[in-house]
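Chemist: The structure that follows is given in the form of structure tokens.
Values quoted throughout were computed directly from the atomic coordinates according to the rules given, and no laboratory measurement underlies them. As the structure is a prediction and not an experimental result, all values here were calculated from the model. Note that each Cβ is placed from the backbone with ideal geometry, even for glycine, and that neighbours are counted across all protein chains shown.
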Amino acid sequence: MPPPAAPHLNRAPIDAALQGFIERGQIAGAEAIVFKDGQEVYYGSFGFADREAKRAMSRDALIQIYSMSKPVTGVALMQLHEQGLFQLDDPLSKYLPEYAKMKVYVGEDKKGKPILEDAHRLITVRDITRHTAGFGAAGKPGLEKIIKEANPTDWKNTLTEMSQKLASLPLGYQPGEKWLYSAAVDVQARLVEKLSGVPYEQYAREHVLAPLGMSETSFYVEPARQGRRAAEYQLSEAGVLTRTPDEEAFGFSSKEWPMDPGGFGWTSTIDDYSKFARMLLGEGEFGGARVLKPETVRLMATNHLDESITDRSWLPNKGQVGFGIDFAVRLRPPVDDKENPGEVGEFFWDGRDSTLFWVDPKNHLTAVMLVQLIPFDKIGLHRTFRRAVYDAIQPT
């Protein structure tokens, strides 16, 4: 059982918010945890981890966190930065030579042959931490087809093979000119591997997960634990919730693949991921273990997107934010009630299946909300949950 909630928290807003989504049939199950001032002030679980089996959502449910894996990769990489093994503005090709002579796709000729131009500058390590490297199709169907055919992020590829295939493809835009979500964090994982001399998964387990006591977090979920996984559900435009077939939903976690992805892949529990979030709030320290220096966490949680980078794809949907090292960073207060609530200085990220976490240094708070719902939050789940948390804690 969780410890009793702190007296200053009113759990009713959070309970009502998440239970409402269950009652409306918009999600099958969810759980959330909030820590404030070093104390657990809220835990709640709602609905089912497996609706068909009538298995309730519970604290030991195993959740696929998808892109909430990215900050884990960023922490691993920045540990190596602390050791002086690279600088953020170093050319990526200094360590991964395959990125030395990149081309940029600018269109096709009359025969359908790609028109390429030289990259105006080298990709830097900073570019792969803030999604400005140039990777991705950038709305160009011809390039999208080329990338799809090469399929560099196929799970059957090792990180070395992934990186070599990705580097052989044209960029979608000039480095540093746009923010575009891409395979950049998988390249970060490859860089961790190259600099540390050990496979990325091994490095992350030994230097990030194990020191924080994140014993339930893994890529592969062995058969003995598979019965604790939360099923994935899809919400149709008509509001009908259906289960994703397990062989599809659990395709990655049910087998040990050659790929050690940096951008997705960890299956975790709410307590495990909360330890990670609390480490970030603790500026690199949790439970007596220090995994980063305070100045490194502050660097990660600082906006690295220059104002000149105005083409930011869907990032503005996250609100008045910039982007640090594998996190969105809130720069200004929300402009209206349609925007997700939050405090200036918070940093956060989410995952494909509508999962969410954030770190709020002003209120000494971390919050994690786990659910397995696609498509990504079309129901205002994040906005509603965030508002409920701040209603509950009555922030200063």
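Chemist: How much FRET efficiency would the formula 1/(1 + (r/R0)^6) give for residue 198 and residue 117, where r is the Cβ-Cβ distance and R0 is 56 Å, rounded to 0.05? Please report the intermediate quantities before stating the final value.
Modeler: On the way: r = 38 Å, r/R0 = 0.67.
After rounding, the FRET efficiency stands at 0.90.
Chemist: Another one. Pairs of alpha-carbon atoms within less than 8 angstrom and 6+ residues apart define the contacts here; what relative contact order does region 87-196 have, in percent?
Modeler: Answer for region 87-196 is 34 percent.
Chemist: Taking the Cα centre as origin and putting +1 on Lys and Arg beta-carbons and -1 on Asp and Glu beta-carbons, what dipole magnitude results for the chain, to the nearest 20 debye?
Modeler: Values: 47 positive and 54 negative charges, 76 e Å.
For the chain, the charge dipole is close to 360 debye.
Chemist: For the chain, modelled as a GNM with alpha-carbon contacts under 10 angstrom, which of 187, 106, 368 fluctuates the most?
Modeler: The residue that fluctuates most here is 106.
Chemist: Where a Cα-Cα gap under 20 Å defines reach, which aspartates and glutamates qualify for residue 101, not counting those fewer than 8 residues away within the same chain?
Modeler: Within the straight-line limit of under 20 Å, residue 101 reaches these aspartates and glutamates: 89, 90, 117, 118, 127, 161, 177, 186.
Chemist: For the chain, what is the relative contact order in percent, using Cα pairs closer than 8 Å and at least 6 residues apart in sequence? Spell out each step's value before the answer.
Modeler: Values: 805 pairs, mean separation 89.7, N = 396.
This gives 23 percent for the chain.
Chemist: What is the ratio of the Cα radius of gyration of the chain to 2.2 N^0.38 Å, with N the residue count, to two decimals?
Modeler: 0.97
Chemist: Let me ask something additional. Only Cα pairs under 8 Å and at least 6 apart count here; give the relative contact order of region 41-91 as a rounded whole percent. Could the numbers behind the result be given before it?
Modeler: Working: 20 pairs, mean separation 8.8, N = 51.
RCO, region 41-91: 17 percent.
Chemist: Among 168, 44, 218, which residue has its Cα positioned farthest towards the positive end of the charge dipole of the chain, with +1 placed on the Cβ of Lys and Arg, -1 on the Cβ of Asp and Glu, and the dipole taken about the Cα centre?
Modeler: So the residue furthest toward the plus end is 168.
Chemist: Please report the projected area of region 87-196's Cα convex hull averaged over all directions, in nm². If you can, show how the numbers build up before the last one.
Modeler: Details: hull surface 26.1 nm².
Taking a quarter of the hull surface, the average projection is 6.5 nm².
Chemist: Suppose every Lys and Arg Cβ carries +1 and every Asp and Glu Cβ carries -1, with no other charges. What dipole size does region 175-254 come out with about its Cα centre, to the nearest 20 debye? Write down the numbers at each step before the final one.
Modeler: Details: 8 positive and 12 negative charges, 40 e Å.
Here the size comes out at about 180 debye.
Chemist: At 0.36 nm per residue, and after removing the present C-alpha to C-alpha distance, how many nm does the segment from residue 256 to residue 145 gain when stretched out fully? Don't skip to the answer; put the middle values down first.
Modeler: On the way: separation 111, 0.36 × 111 = 39.96 nm, distance 2.82 nm.
Residue separation times 0.36 nm, minus the Cα-Cα distance, leaves 37.1 nm.
Chemist: Which one of 195, 128, 180 is farthest out on the positive end of the charge dipole of region 87-196, using unit charges on Cβ (Lys, Arg +1; Asp, Glu -1) and the Cα centre as origin?
Modeler: Looking along the dipole axis, the top candidate is 180.
Chemist: Between residue 374 and residue 109, what is 0.36 nm times their sequence separation minus the Cα-Cα distance? Round to one decimal in nm. Each step should come with its number before you reach the end.
Modeler: On the way: separation 265, 0.36 × 265 = 95.40 nm, distance 3.83 nm.
91.6 nm is the gain from fully extending residue 374 to residue 109.
Chemist: What order do you get for 73-84, 117-128 when each peptide is scored by the mean count of other beta carbon atoms within 10 Å, highest first? Display every interim value, and only then the final one.
Modeler: Values: 73-84: 20.7, 117-128: 19.0.
Peptide ranking by packing, descending: 73-84, 117-128.
Chemist: Taking 7 Å along the Cα-to-C-beta vector as the label spot, tell me the residue 302-residue 10 distance in nanometres, rounded to one decimal.
Modeler: Each label point is offset 7 Å from its Cα along the Cβ direction, giving 3.9 nm.
Chemist: May I pose another question? How many nm is it between the label spots at residue 55 and residue 362, if each spot is 7 Å from the Cα in line with the beta carbon?
Modeler: Here the modelled spin labels are 4.1 nm apart.
Chemist: With the cut-off at 1.5 for a/c, could you classify region 1-78 from its C-alpha gyration tensor as rounded, prolate or oblate? Write out the running numbers ahead of the final one.
Modeler: Numbers: a/c = 2.01, a/b = 1.12, b/c = 1.79.
It comes out oblate by the Cα gyration axes.
Chemist: Sticking with this structure for a sec: Which value results for Rg/Rh of region 264-318 when Rg is the Cα radius of gyration and Rh the Kirkwood radius based on the inverse mean 1/r?
Modeler: Values: Rg = 14.9 Å, Rh = 13.6 Å.
Using only Cα positions, Rg/Rh for region 264-318 is 1.10.
Chemist: Determine the gain in length on full extension of the stretch residue 222-residue 234; use 0.36 nm per residue of separation and subtract their C-alpha separation, reporting nm with one decimal.
Modeler: Working: separation 12, 0.36 × 12 = 4.32 nm, distance 2.49 nm.
In short, 1.8 nm is gained.
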